[in-house]
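Beneath this line is the structure, given in C-alpha cells, with notes to follow.
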Amino acid sequence: MLSLFQKHLQDQLPFLLEKKLLLAISGGVDSVMLTMLCHRLKLNFALAHCNFKLRGSESDEDQQFVEELARKLKLEVFTKSFETDTIARRLKLSAQMAARKLRYDWFEALANEHGFDHILTAHHADDQLETFLINLSRGTGIEGLLGIPEVNDKVVRPLLPFSRLEIEAYAKKEKLHWREDSSNVETKYLRNKLRHEVIPQLKELNPQFLSNFVDATKYLSGTHALAQKHIRELEVVLFNKKGNTYQIPANYLRQLQPQKAYLHALFHEYGFAEWNDVKDLLDAQSGKQLFSATHRLLKDREHLYLQELSEEVDTNAISVPRKTKAIQRPLGMTFNEVAGDYRNERHIAYIDKEKLKYPLTVRKWEDGDYFYPLGMRGKKKLSEFFRDEKYSLIDKEQQWLLCSDEKIVWVIGKRLDDRFKVTKRTKTIVEVKLV
C-alpha cells in the first residue's frame, strides 16, 4: 500500500510532497495509517488531535495514545479538549455536528497560526460511499452525490482511493496499533447503520460494488465539471452586474430547457431551493420577489434582479448641518464652496448657496415627490422621471435625494433641480460631489 499511496501523491497530489502539513488524527486505524504512510515518505507534517470528551475515559485514553505515538515518531503534536455537549446545546446542534465544527475551526486556526499549508484527514472510499448514501437518502442535487471532495480549500483527503478493508489489512500486516471507538458500533446513528447493515449487503450482492462506486463518482465528477463550465459561461451572458445587483433577462430563462435544472444550477448557490416559485417568478407581475437566507430575487418588467441582502443600502435619512465638509453614510459625499468655472456632471452638482436652507437632508424618495429637472420647464413627478430613465424597482429603492427644507435639490447622481442652479447672480457656489 505504501507504493500505491506514494504513486497517488505523485500523480494526483504532488503539491503535498513539499508543503508543511497538519494531519488530523483520532487514534483510529484510518488516521494512524495515514500518519505512518506520511512518516515513511518523510513528509513534513505535525499531528492534531481533538478530545471531544464524549466517551469518558476512552476519550482521554485516545489522547494519550496519540501523544505517545507522536513521541515515538518524533512528531510535533497539538491537542485540544472541548466540552462538546455543552457547546452543542448552546449552538443548538447535534453532538456530531458540533464536533465537526469545532474540529475544523480549530484545524484552520492552527494552520493560520503555525503556517501549515494543508490539513490532511483520513477519509477513505468507504466514508465516501457512506456520505453518498446519506445524501441520497435525504434528497440532493448532483453536488451531494459527489460526496467528499479530495481537495477542498486547505483540506486534503489523500486516502480517498483506498478502502477500509485495504487500510485495515495493511495495518495488521505492519502490526500497527490503534484505538477502537466504541461509539462506531452503535447503529442509532445513520452513518453507522449504513456502515454495519446496508453496505455489507451491497458488497455481498456485488463484491466489486465499492470499486465500481469509486469509478462511478469519477465519471460523475467529470460530468459535473462539464456542467459547471457551461453554467459559468451562461452566467457571463445572462448576469449583467449593476452595482451590487445582477440583472437577468426573464425571457432568456424561459427558453432554457430543462428549465428547472437550469434554474437550480443558476440560483442554488444563492440559497434558492423552491424551483416552482422561481419558475413562477418569470411570469409574475413587477414587484413580486423571493427571498433566500442571503439573497432576494425581484421581478421587474422583463428582468429578474438578484441582490445580496447584506449589501442593501441603509434607508435612514440623515441631516447635513451648514458647516459639514463630508459625510460617509448613506453615501460618500463632500460639500465645498468653490469659485470659477464649473460644469454639472452626474457625480457632481453645483448649487447656489443662498438658495439652500440648512440643515440639508439626504433621504430616499417617497410617493408624491416631485422636482424641477434642470433644463426643463415645469415640475415633474419623480415616478415619471424614473420611468423615463428606465429605472428598475431596485434602482428606485437605491435612489437618494439631497433636499433643502422640503424641496428636492438633487436627485443624487442623476439630475439637479432647476430652482437651485447657479446663475449670473450667484455669489457663492457649493460643490456637492459623490466620492
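Identify the residue in the range 100-135 that is of a type in the set (Gly, Ala, Ser) and assigned to a helix (DSSP H, G or I) and, among all such residues, is surrounded by the fewest Cβ atoms within 10 Å (Cβ to Cβ). Across the range 100-135, the extreme among qualifying residues is 109. Scanning the range 142-159 for residues that are aliphatic (A, V, I, L, M), at pLDDT 95 or above and assigned to a loop (DSSP other than H, G, I, E, B) yields one hit, 159. Confirm whether residue 401 is assigned to a loop (DSSP other than H, G, I, E, B), touching a strand residue (DSSP E or B) at 6+ places or on another chain (Cβ under 7 Å) and of a type in the set (A, V, I, L, M, F, W, C). No; evaluated as a whole, the condition is false for this residue.
A single entry from 319, 286 fulfils the requirement of being in contact with a strand residue (DSSP E or B) (Cβ under 7 Å, 6 or more places away or on another chain), exposed (fewer than 14 other Cβ atoms within 10 Å of the Cβ), in contact (Cβ under 8 Å) with a residue 12 or more places away in the chain and part of a loop (DSSP other than H, G, I, E, B): 286.
Every residue, every condition in (1) surrounded by fewer than 17 Cβ atoms within 10 Å (Cβ to Cβ); (2) without any contact (Cβ under 8 Å) to a residue 24 or more places away in the chain; (3) under 19 Å from residue 211 (Cα atoms), yes or no:
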| residue | (1), (2), (3) |
| --- | --- |
| 138 | yes, yes, no |
| 163 | no, no, yes |
| 171 | no, no, no |
| 195 | no, no, yes |
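Would you check if residue 337 is outside any loop (DSSP other than H, G, I, E, B), surrounded by fewer than 17 Cβ atoms within 10 Å (Cβ to Cβ) and either in contact with a Ser or Thr (Cβ under 7 Å, 6 or more places away or on another chain) or not charged (D, E, K, R) (or both)? So residue 337 fits the description; yes. Just one of (1) in the same structural domain as residue 69 (by TED's automatic domain parsing); (2) surrounded by 12 or more Cβ atoms within 10 Å (Cβ to Cβ) fails for residue 228. It is (1).
Please tell me if residue 53 is in a loop (DSSP other than H, G, I, E, B) and among the charged types (D, E, K, R). Taking the combined requirement at face value, the residue satisfies it.
Figure legend. Inter-residue proximity from the range 249-271: first residues assigned to a helix (DSSP H, G or I), second residues among the aromatic types (Phe, Trp, Tyr) and surrounded by 15 or more Cβ atoms within 10 Å (Cβ to Cβ), beta-carbon distance below 6 Å, spacing 6+ or different chains. Indicated pairs: 260/275; 263/275; 264/275. If you scan the range 1-36, which residues turn out to be of a type in the set (S, T, N, Q) and free of Cβ contacts under 8 Å to residues at least 12 places away in the same chain? Matches in the range 1-36: 3, 10. Is it the case that some residue within the range 197-216 is among the small types (Gly, Ala, Ser), farther than 22 Å from residue 394 by Cβ and part of a helix (DSSP H, G or I)? So far as the range 197-216 goes, yes, one or more of its residues are among the small types (Gly, Ala, Ser), farther than 22 Å from residue 394 by Cβ and part of a helix (DSSP H, G or I). Of all residues in the range 64-88, which are of a type outside the set (D, E, K, R) and free of Cβ contacts under 8 Å to residues at least 24 places away in the same chain? Once the filter is applied, which keeps residues that are of a type outside the set (D, E, K, R) and free of Cβ contacts under 8 Å to residues at least 24 places away in the same chain, the range 64-88 yields 64, 70, 86, 87, 88.
Selection of the range 249-271 for residues being farther than 17 Å from residue 298 by Cα and either surrounded by 15 or more Cβ atoms within 10 Å (Cβ to Cβ) or touching a Ser or Thr at 6+ places or on another chain (Cβ under 7 Å) (or both) yields 256, 259, 262, 265. Cβ-Cβ contacts under 7 Å between residues 6 or more apart (or on different chains), taken from a first residue in the range 89-103 that is under 14 Å from residue 52 (Cα atoms) and in the same structural domain as residue 190 (by TED's automatic domain parsing) to a second residue that is in a helix (DSSP H, G or I) and of a type outside the set (Gly, Ala, Ser), are listed as 95/84; 95/85; 98/84; 98/87; 98/91; 99/84; 102/84; 102/87.
The values are calculated or read from the model by the stated rules, or taken from the named source; none is laboratory data. Note that this is a predicted model, so its numbers are computed, not measured. Counting neighbours? That spans all protein chains shown, and the Cβs are built from the backbone with ideal geometry, glycine included.
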